[in-house]
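Worksheet: one structure, shown below.
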Amino acid sequence: MAIRRIVKNKFMSKSTLFNAYVSAIGHFVPPKVISNRYFEKYLDTTDEWIKERTGITERRYLEDNQPISYAAIKAIEMLLSERKISAEEIDLIIVATVSVKRTENIC
């Protein structure tokens with residue numbers, strides 16, 4: 001016989017069979033900005049063309065010597081600071097990135 005645990009807390013609007021929830025989100029935006037004008041130098045495109053078709057006005061990049069884990073650490077530091085919690089209170093971290101850098105060091 002399976003035992004079902006029903007949890008209701010301030011983060012959930014109704015009873016559920018699950019007790020996992022997202023309680024905080026952290027993020028990091030690298031300070032290095034690359035505008036669409038950069039691509040005009042070596043591609044047959046313009047800032048206006050890129051914005052009109054994609055909505056992108058700029059991109060953010062880590063410095064070459066910074067691994068993607070640097071951004072993850074910065075996001076976690078921001079989360080801990082804003083929530084005023086310690087790292088020991090975190091049960092799970094989910095990392096999402098659109099970086100083309102290798103991500104094996106995040107774990």
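A few notes on this one:
- Sole exception among (1) in contact with a strand residue (DSSP E or B) (Cβ under 6 Å, 6 or more places away or on another chain); (2) at pLDDT below 90 for residue 59, by number: (2)
- Here residue 70 meets each of (1) touching a residue at least 12 places away in the same chain (Cβ under 8 Å); (2) assigned to a helix (DSSP H, G or I); (3) surrounded by 15 or more Cβ atoms within 10 Å (Cβ to Cβ) with one exception, condition (1).
- Segment 27-65: number of residues that are touching a residue at least 12 places away in the same chain (Cβ under 8 Å), over 26 Å from residue 83 (Cα atoms) and not small (Gly, Ala, Ser): 13
- Scanning segment 28-37 for residues that are in a loop (DSSP other than H, G, I, E, B) and aliphatic (A, V, I, L, M) yields a single hit, 29.
- Restricting attention to segment 73-89, the residues that are assigned to a helix (DSSP H, G or I), aliphatic (A, V, I, L, M) and more than 23 Å from residue 32 (Cβ to Cβ) add up to 2.
- Of the residues making up segment 38-62, those that are loosely packed, with under 11 Cβ neighbours inside 10 Å, part of a helix (DSSP H, G or I) and within 27 Å of the chain's Cα centre (by Cα) are 52, 53, 54.
- Taken over segment 20-37, the residue count meeting the criterion of being farther than 19 Å from residue 93 by Cβ, within 23 Å of the chain's Cα centre (by Cα) and exposed (fewer than 14 other Cβ atoms within 10 Å of the Cβ) is 5.
- Restricting segment 63-95 to residues that are under 16 Å from the mean Cα position of the chain (by Cα) and among the charged types (D, E, K, R), the residue that is nearest to residue 27 (Cα to Cα) is 74.
The values are calculated or read from the model by the stated rules, or taken from the named source; none is laboratory data. Quick caveat, the model's predicted, so the values are computed rather than measured. Using ideal geometry, Cβ is built from the backbone for each residue, glycine included, and neighbour counts are taken over all protein chains shown.
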